[in-house]
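Everything below concerns the one structure shown next.
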Amino acid sequence: MRETAKPDAATARAERAYLARCRYRFRLTCLTFALAFVLIGGRLATLGFAGDEPTSGSLHDISSTVHRPDILDRAGRLLATDIKGATLYADPAKVIDVDELVEQVRSVLPDLNSAELRERLKGGRRFVRIRRELTPKQQEEIHELGLPGLGFIEEYRRVYPMGATASHVVGVVDVDSRGLSGIEKFIDDNPQLAMSHPETVSGDEAVTISLDLGVQHVLREELSSAISTFHAKAAAGLVIDVHSGEVVGLVSLPDFDPNHREQALDKDRLNRLGFGVYEMGSVFKVFTLAGVLDSGLANMRSVYDATSPIHYASFTIEDFHGQHRPLSVPEVFIYSSNIGAAKMALQMGVDRHRAFLKKLGLLDRVPTEIGETAAPIIPRNWQKLNTMTIAFGHGLSVTPMQLATAALPLVNGGFAVQPTFLPRSREEGMASAPRVIKATTSAALLKLMRLNVLKGTGKRANAEGYRVGGKTGTADKVVGRHYSNTAVLTSFLSAFPTDAPEYLVLVMLDEPQRVAASSNQATAGTNAAPTAGKIIERIGPILGVAPRREDDQRKFDAKVLASY
Amino acid sequence: MLRFVNICLVLGLVALAYVIYQVKYEARALDEEIASLGKEIDTERDSLAVLRAEWSLLNRPERIERLAEKYLRLAPIQPRQLVTLDSVTDRDFTRPRVEVAATAPAPAAAAGQGNKPAAKGPAAPAIAEASTAMPAPATPWPAANVTPVQASAQ
């Protein structure tokens, strides 16, 4: 038994060990399989949850043009927007017969340059852009040709529904939708502008500017009718809110249609208000009078002797509306006396006069969102004679935009408000503006401007009920090296309503002729002033300026006349 | 017992697999719907942009003005046609009005009555009254402005 039991025990032990080994292997196999299943299950789950990646058409991704924000006027009317248009391209590697393709495409697009296209197709590139901005009809016709190697991509195209109406402010973009001028360029330089604006109904980004489309239209229409009535070469008009500095209207004719961007390059169509530099003539007298009144050297009752012309060196300063007698300050203004203005400037002295003009900003460029205005032409050697001529607007050339900016403190109570093309409240505009002249000077200037419309050269600008005040300016243009007798630049600088000014209106006509409509004269009082009057009469209701009933207005005017 | 549990588990597994596939297919269908709706939104947005551009093209002030001259007997507002509520007194409402039909002859009739209070229909009594109260001509409707417009329309 023992003999047999011993080996039995040994086998049993061996068997147990064997079984244990088997169990161990079995478990390992189970674990391996379980792990594999978990792995496969996990992979299945991730695949299931990942979903299908949208298979985007690889060709449409070529379109890389940026989507520009819309441009809206202050009332939310659309001035510029993007619409989608098809661009035709060819992939030369897939083209079977280049000549046939060119011929066929030309049957739809007859103005295509076939020689140049053939050249480009053989150039070895994979992407040849044939034509941008196809019309839907052209796109369909080309599609129906069924030629291999042709394809379309969709690109954004900039359109300006209002055409030329606000062209100088809105500006233009190039073929790749990059802003070249105006607000378009400003948007590119300041991308946060579009982000910070509330989204429009359509969910697109938009930039709102300070222009009012209605005012733009009135300006454009009245100025173009002035051009045809007075046979002028060009005309420009500007309307600025005197407290906020917002430019609500800016038109310079001839202008261009931004939908045809090549027109914008024409030199004759430039924005004369910002980039034309002119000797403005008698409108400058507002600054001379403001200077002499603000410095306390004179008051409304001071008298300047305008009996005889001033002779200085080889020059003679004469009056156009000569009175040949001593004139009071209001008389110097309404008779537009060059002699009187020159004497005022001399009374201030060369340095003080220049410092005053500098303070108003007439000697520096005006920075605006649509670009800095052109640099003024300042006499290199500013002497007594320069002071005398600049007093009545000759010898210092400025841009009309600069003139209007410098005139803002004269009519808004004395604050140098900076003009802007973006919406700004009146509080904001006044808050950032430093005081440059006394409030009393501004009030006196307004009275003088109103007086000039009631009694002086600006009579034809008197829009009923709107209490217009203004100053005319007729400047002889420099032709060659001499002042011309026939070519003049007339302008009218006005503010309304003068008892509580809200808007400044500047109208400028380039070379108006002596026609019957202006009593066979070419002075500002007969052409620029009536144009400004018509403009004010029409924009008053648009801008919400209430006309006064006549008896109220008489009361105000009586006060003005009493000061005279 | 163990067999019963196993059968139950297998059945449950099959049922779960079915449900999962169902949900997955539904999700895929919804995905496709989202994609197609997104595409539709894009097209709608593009055509909206085109329509908005067209709307503003049709609303250009010069076009509206041309159409107004052609079809409407309206002229630009004259300053004396605007009054404030403060300038309207109780007397303007209590004064007897001459009833005139608000049709074409109204301005002519009102003009013929000289300084009598003229009522140009119920729409704008205040304006009509005010214009007589002011030293301006008594016509509530600027007859002189209406005539050329009519002429150009015909």
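The values are calculated or read from the model by the stated rules, or taken from the named source; none is laboratory data. None of these values were measured; they are calculated from a predicted model. When we count neighbours, we look across all protein chains shown, and the Cβ atoms used for this are built from the backbone with ideal geometry, even at glycine.
How many residues does segment A:254-275 contain that are within 25 Å of A:L396 (Cβ to Cβ) and either surrounded by 21 or more Cβ atoms within 10 Å (Cβ to Cβ) or of a type in the set (V, I, T) (or both)?
Residues in segment A:254-275 being within 25 Å of A:L396 (Cβ to Cβ) and either surrounded by 21 or more Cβ atoms within 10 Å (Cβ to Cβ) or of a type in the set (V, I, T) (or both): 4 in total.
Among the listed residues A:V239, A:V283, A:V248, which satisfies the condition of being closer than 19 Å to A:L408 by Cα, in a helix (DSSP H, G or I) and either more than 13 Å from chain B (Cβ to nearest Cβ) or aromatic (F, W, Y) (or both)?
A:V283
How about segment B:1-115: which helices (runs of 4 or more DSSP H) wholly inside it have at least 3 residues that are modelled with pLDDT under 85?
B:2-58, B:90-94, B:106-112
Give all pairs with beta carbons closer than 6 Å in which a residue from segment A:299-318 that is touching a residue at least 40 places away in the same chain (Cβ under 8 Å) meets a residue that is surrounded by 15 or more Cβ atoms within 10 Å (Cβ to Cβ) and of a type in the set (K, R); count only pairs at least 6 apart in sequence or on separate chains.
Short answer, once both residue conditions are applied: A:Y304/A:K343.
In the set A:D91, A:D111, A:D99, A:D73, which member is within 24 Å of A:K137 (Cα to Cα) and in contact (Cβ under 8 Å) with a residue 40 or more places away in the chain?
A:D91
Name the residues in segment B:15-53 that are at the interface with another protein chain (Cβ under 9 Å from one of its Cβ atoms), over 23 Å from A:I83 (Cβ atoms) and not small (G, A, S), would you?
If the condition is that a residue be at the interface with another protein chain (Cβ under 9 Å from one of its Cβ atoms), over 23 Å from A:I83 (Cβ atoms) and not small (G, A, S), then B:I20, B:K24, B:R28, B:D31, B:E32 are the ones that fit.
Looking for something within 18 Å of A:T229 (Cα to Cα) and either without any contact (Cβ under 8 Å) to a residue 12 or more places away in the chain or not assigned by TED's automatic domain parsing to the domain that holds A:S252 (or both) - is there at least one such residue anywhere in segment A:520-534?
Yes.
Only one residue in A:Q138, A:Q104 is under 26 Å from A:V159 (Cβ atoms) and either at pLDDT 85 or above or in a helix (DSSP H, G or I) (or both), so which one is that?
Of A:Q138, A:Q104, the one residue that is under 26 Å from A:V159 (Cβ atoms) and either at pLDDT 85 or above or in a helix (DSSP H, G or I) (or both) is A:Q138.
Condition check ((1) among the hydroxyl-bearing types (S, T, Y); (2) at pLDDT 80 or above) across all residues:
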| residue | (1), (2) |
| --- | --- |
| A:T32 | yes, yes |
| A:G41 | no, yes |
| A:E53 | no, no |
| A:S56 | yes, no |
| A:D61 | no, no |
| A:R77 | no, yes |
| A:T81 | yes, yes |
| A:K84 | no, yes |
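Kindly state which helices (runs of 4 or more DSSP H) lie completely within segment A:149-233 and contain at least 2 residues that are away from chain B (no Cβ under 13 Å), at pLDDT below 95 and within 30 Å of A:T523 (Cα to Cα).
Result: A:167-170, A:213-230.
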